[in-house]
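One structure is given here, and the rest of the page talks about it.
Any read-out appearing in this document is the output of simple, stated calculations on the displayed coordinates, not a laboratory observation. Worth saying up front: this structure is predicted, and the values here are computed from it rather than measured. Quick reminder, even Gly has a Cβ in these numbers, built from the backbone with ideal geometry, and neighbours come from all protein chains shown.
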Amino acid sequence: MDIQEEKEIATFAGGCFWCTEAVFLKLKGIRSVVSGYIGGKTANPTYKDICNGDTGHAEAIQITFNPNEVSFGELLEIFFATHDPTTLNRQGNDVGTQYRSEIFYHNEEQKGISEGYIGLLTKENTFGKPIVTKISPASIFYPAEDYHQNYYNQHQEQGYCSYVITPKIEKLKKFYKDRLK
């Protein structure tokens with residue numbers, strides 16, 4: 001079956017970008033995942049710049065995907081299933097505004113799908129607590145330094161990777177195996 005090659009962009013912040021990047025790289029229909037910074041006021045920020053939270057940037061990933069293979073809605077489902085959208089400016093031990101949960105939409109359709117999905121999760125009380133994920137228009141996305149790209153796949157043995165990221169990958173394999181490459 002020949003799937004028409006189209007490309008769309010999705011940008012999500014869900015804590016440490018190493019974690020979210022590792023999850024989305026495993027999905028069918030994903031063409032690339034770039035770790036970087038978005039939503040802040042400093043031009044060309046570096047990791048050192050954003051670490052204290054003063055620049056306003058979030059650690060985020062920018063996903064290029066084929067919507068004929070994976071929909072934006074499916075990406076949202078995975079996003080919400082693999083991070084905690086109920087903690088403000090925090091994911092696990094990572095604390096600060098740079099670790100916030102936020103969807104940066106690239107068009108009105110993505111905005112509407114995001115609002116609808118959060119509305120559904122809220123109505124069903126999926127997380128037992130209020131969802132704090134923000135929905136914002138995409139702004140300039142700055143790719144992170146090269147050593148942050150594909151981090152998990154190059155450093156799986158490191159403590160942070162094995163204790164924080166590997167469980168997310170295992171959850172993905174258990175609940176979404178039909179969506180994996």
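Local charge for Val95 was computed over the other residues whose Cβ lies under 13 Å away, with Lys and Arg +1 and Asp and Glu -1, and equals -1.
For the stretch 8-171, a Kirkwood hydrodynamic radius built from all Cα pairs, placed in the Stokes-Einstein relation at 10 °C and 1.306 mPa s, yields a translational diffusion coefficient of 101 µm²/s. May I ask for the net charge around Gly36, where only other residues with Cβ less than 15 Å from the Cβ of Gly36 are counted and Lys, Arg are +1 while Asp, Glu are -1? Net charge around Gly36: -4.
Residues whose amide H comes within less than 5 Å of that of Ile135, counting only those at least five positions distant or on another chain, are Ile103 (H built at 1.01 Å from N in the peptide plane). For the stretch 8-171, a crude dipole built from +1 on the beta carbon of Lys and Arg and -1 on the beta carbon of Asp and Glu, taken about the Cα centre, is about 240 debye to the nearest 20.
Quotient of the Cα radius of gyration of the stretch 139-181 and 2.2 N^0.38 Å, N being its number of residues: 1.43. Pair-distance distribution P(r) for the stretch 33-82, from all Cα-Cα distances in 5 Å bins starting at 0: 5, 18, 22, 18, 12, 14, 9, 2 percent. Helical runs assigned H by DSSP (4 residues or longer) give the chain a calculated mean residue ellipticity at 222 nm of -8000 deg cm²/dmol, each run adding -39500 (n - 2.57) before division by the residue total.
In the neighborhood of Thr46, defined by Cβ-to-Cβ distances under 14 Å, what is the net charge if each Lys or Arg adds +1 and each Asp or Glu adds -1? If you can, show how the numbers build up before the last one.
Numbers: positive: Lys48; negative: Asp49, Asp54, Glu59, Glu145, Asp146.
Overall, the nearby charge balance is -4.
Straight Cα distances below 22 angstrom link Lys174 to the lysines Lys26, Lys28, with same-chain residues fewer than 8 positions distant left out. In loop segments of the stretch 72-181 as defined by DSSP, the GluC sites (Glu not before Pro) with at most 15 further C-beta atoms inside 10 Å of their C-beta are Glu124, Glu145, Glu157.
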